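Read through the structure below, which is laid out as structure tokens, and then see the notes.
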Amino acid sequence: MRVGFGYDVHALGEGLKLFLGGVEIPSEVGCIAHSDGDVAIHALCDALLGSVAAGDIGKHFPDTSSEFKGIDSKILLERTIDILHKEGYKVVNVDITIALERPKLRPYIDTMRSTLAATMGINDEAVSIKATTTEKLGFTGRSEGIAAYAVALVDELSF
């Protein structure tokens, strides 16, 4: 078994769509990003890639490539799972924490869990997502940006 940790952050901008955990969240602001800016998936990809020492999301999906301009981050997660499988590993469970002041995410967490589980080919029970504020402290507290942290446990594929 191996463990990986991931972190991602994006600035927020008016009039952009907000995607978190593969789900569009109603919001007045969204992430400023090369892709769809889904910080939860980006942190998760980094955790999964890190668990097998395969580098980071920027190595595999660089923001300098037009191929990834505006891409749905679920596609990046699918490709990350392919890398994981090629390395001989499968996902056991993942845990994600999203830090932002608003909007409140509780109504969307179950949908995010099932969306990520389906994308990774695992059970919903193996996906944990939590949301927190930073009590109005720092860039997230001032609603200037959003951050996500992820940890992943993987195990060797059995043949």
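The values are calculated or read from the model by the stated rules, or taken from the named source; none is laboratory data. These figures come from a predicted structure and were not determined experimentally. Methodologically, a virtual Cβ is constructed for each residue, glycine included, from the backbone with ideal geometry; neighbour enumeration extends over all protein chains shown. For the accessible areas, the whole protein counts, side chains as well, though only heavy atoms, and no ligand, DNA or RNA atoms are used. Shrake-Rupley method; radii C 1.70, N 1.55, O 1.52, S 1.80 Å.
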Completion exercise
Sole miss for residue 157 among (1) at pLDDT below 95; (2) among the aliphatic types (A, V, I, L, M); (3) under 19 Å from the mean Cα position of the chain (by Cα) is condition (3)
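Looking only at strands (runs of 3 or more DSSP E) that fall completely inside segment 1-51, which ones have 3 or more residues that are farther than 24 Å from residue 66 by Cα? Steps first, please.
Details: elements: 2-14, 18-20, 23-25, 29-31.
Strands (runs of 3 or more DSSP E) meeting the threshold: 2-14.
Here's the yes/no breakdown for (1) buried (at least 16 other Cβ atoms within 10 Å of the Cβ); (2) hydroxyl-bearing (Ser, Thr, Tyr); (3) in a loop (DSSP other than H, G, I, E, B):
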site	(1), (2), (3)
55	no, no, yes
59	no, no, no
115	yes, yes, no
131	yes, no, no
154	yes, no, no
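Of the residues that make up segment 89-112, is at least one among the small types (Gly, Ala, Ser) and over 16 Å from residue 18 (Cα atoms)? Even if it seems obvious, please write down each step before you answer.
Going residue by residue through segment 89-112, those that are among the small types (Gly, Ala, Ser) are 99.
So of that shortlist, the ones also over 16 Å from residue 18 (Cα atoms) come out as none.
Checked segment 89-112: no residue is among the small types (Gly, Ala, Ser) and over 16 Å from residue 18 (Cα atoms).
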Problem - All positions within segment 61-74 that are surrounded by fewer than 17 Cβ atoms within 10 Å (Cβ to Cβ) and small (Gly, Ala, Ser) - result: 65, 66, 70
Fill in the blank from the handout: Every listed condition ((1) in contact with a strand residue (DSSP E or B) (Cβ under 6 Å, 6 or more places away or on another chain); (2) closer than 18 Å to residue 149 by Cα; (3) open to solvent by 10 Å² or more (accessible area, probe 1.4 Å)) holds for residue 43 save (3)
Problem - Failed item in (1) open to solvent by 10 Å² or more (accessible area, probe 1.4 Å); (2) out of contact with any strand residue (DSSP E or B) (no Cβ under 7 Å at 6 or more places or on another chain); (3) in contact (Cβ under 8 Å) with a residue 60 or more places away in the chain, with residue 110 passing the rest - result: (3)
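Please pick out the residue among 79, 102 that is open to solvent by 10 Å² or more (accessible area, probe 1.4 Å), more than 11 Å from the chain's Cα centre (by Cα) and within 25 Å of residue 134 (Cα to Cα). So that I can check it myself, show each step before the final result.
Working: 79 fails: within 25 Å of residue 134 (Cα to Cα).
That would be 102, the only listed residue that is open to solvent by 10 Å² or more (accessible area, probe 1.4 Å), more than 11 Å from the chain's Cα centre (by Cα) and within 25 Å of residue 134 (Cα to Cα).
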Exercise for the section: For segment 119-129, state whether one or more residues are open to solvent by less than 40 Å² (accessible area, probe 1.4 Å), among the hydroxyl-bearing types (Ser, Thr, Tyr) and touching a helix residue (DSSP H, G or I) at 6+ places or on another chain (Cβ under 7 Å). Expected result: yes
